[in-house]
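Since the structure comes first, as structure tokens, the remarks are kept for the end.
The values are calculated or read from the model by the stated rules, or taken from the named source; none is laboratory data. What you are looking at is a predicted structure, and each value in this text was computed from that prediction instead of being measured. As a convention, Cβ positions derive from the backbone with ideal geometry for all residues, glycine included, and neighbour counts pool all protein chains shown. Just the protein is used for accessible areas: all its heavy atoms, side chains included, with ligands, DNA and RNA removed. Shrake-Rupley method; radii C 1.70, N 1.55, O 1.52, S 1.80 Å.
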Amino acid sequence: MGVGHYENFPVASILLPEPLRRPIAAVYRFARTADDMADEGDLPAEARLEQLAEFDRQLIRLERGEPLQDPLFLELAEAIRRHRLPMQYFHDLLDAFSQDCVKTRYRDFAELQDYSRRSADPIGRLLLHLFGTTSAEAFRCSDNICSALQYINFWQDVAIDYRKQRIYLPTEDMQAFGVAEGDIASGMATDRFKALMAFQVTRTRRMLHEGAALGRMLKGRAGLEIRTVVAGGDTILQRVVEADYDVFHCRPVLRARDWVAMLARAIFGDGRIRT
């Protein structure tokens, strides 16, 4: 799952096998802390980039077996060594978060995919290494789920991201639907904006559903966790549809009562909403 949407989905939850909760939590803390460096506070971009560069230097020290003092990296080092987690995925995350400090627009969907390949997909692949499932098909499904979850986060946070001077809606798509930056600035869900969002939701839901088979590839609690994550992503997309794509006045989130339906779909199906 991608980092930016951890507030919506379980992390190292009781659904997961107990031995994996600690290493998954270590991966999460690394990713969440680094992501906050890029997103939170009022520091200028240069200062944020330096913080992320220091994180990268810590990773290099870890790789070299040099002494570490930060508890976050000590815990991460234990998880990496015990489970032989590939270091490149952690560097990819930092590269994506560094990009967030300086890049605020995306020309087309291909650029957005390149970003999610580094900001979201590494988390899913790290989980698969922890689950002991690293086939090409498992990676493909995981990448679809993680990228979809990243896009779901973007679509629910169009207004929040604009206040941070970022637009993740591809410029090419905005132009195709006749949506200008001024439309987003106004916070009005025009018919053109709704059509643009409907297009994004449909494409994102297709990706999420294409990855849903992973929940059945993985057995036991790990599979149940993935199916629940798919159910959560699909539920938020459905919230966007139910709000008539007006994410300016109704930010779609998971509610307490959603979890019963999500768990039911995860237990008896693959997590997808059947429409």
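Against the empirical 2.2 N^0.38 Å (N residues), the range 1-157 has a Cα radius of gyration ratio of 1.01. Straightening the chain between Arg57 and Arg192 buys 44.0 nm, computed as 0.36 nm per residue apart minus the Cα-Cα spacing. Of Thr235, Thr204, Thr190, the residue with the greatest mean-square motion in the GNM of the chain, using alpha carbon springs below 10 Å, is Thr190. Each Cα pair under 8 Å and six or more residues apart adds its separation to the average, and for the chain the resulting relative contact order is 19 percent. Diffusion coefficient (Stokes-Einstein, Kirkwood radius over C-alpha pairs, 37 °C, 0.692 mPa s) for the range 128-275: 205 µm²/s, rounded to a whole number. In the chain, the portion of solvent-accessible area held by carbon and sulfur atoms comes to 53 percent [1.4 Å probe, whole percent, DNA, RNA and ligands not counted]. Each residue, Val253 and Leu68, gets one label point 7 Å from its Cα in the Cβ direction; the gap between the two is 3.3 nm.
Could you identify which residue out of Asp173, Asp42, Asp234 has the top mean-square fluctuation in a GNM of the chain using Cα springs shorter than 10 Å? Looking only at Asp173, Asp42, Asp234, the biggest GNM fluctuation is shown by Asp42.
Calculate, for Ala264 and Phe139, the FRET efficiency according to 1/(1 + (r/R0)^6) with r their C-beta to C-beta distance and R0 30 Å; round to the nearest 0.05. Step by step, r from the Cβ atoms, then E = 0.60. Dipole size of the range 104-165 about its Cα centre, with +1 on Lys/Arg Cβ and -1 on Asp/Glu Cβ: approximately 180 debye, rounded to the nearest 20. Estimated at 0.36 nm per residue, the fully extended path between Asp36 and Ala180 surpasses their Cα-Cα distance by 49.0 nm.
A Gaussian network model of the chain, with springs between Cα atoms under 10 Å, assigns the largest mean-square fluctuation among Lys103, Lys194, Lys164 to Lys164. Per-residue ellipticity at 222 nm computed for the chain from its helices equals -22000 deg cm²/dmol, with DSSP H segments shorter than 4 residues left out and the rest contributing -39,500 (n - 2.57).
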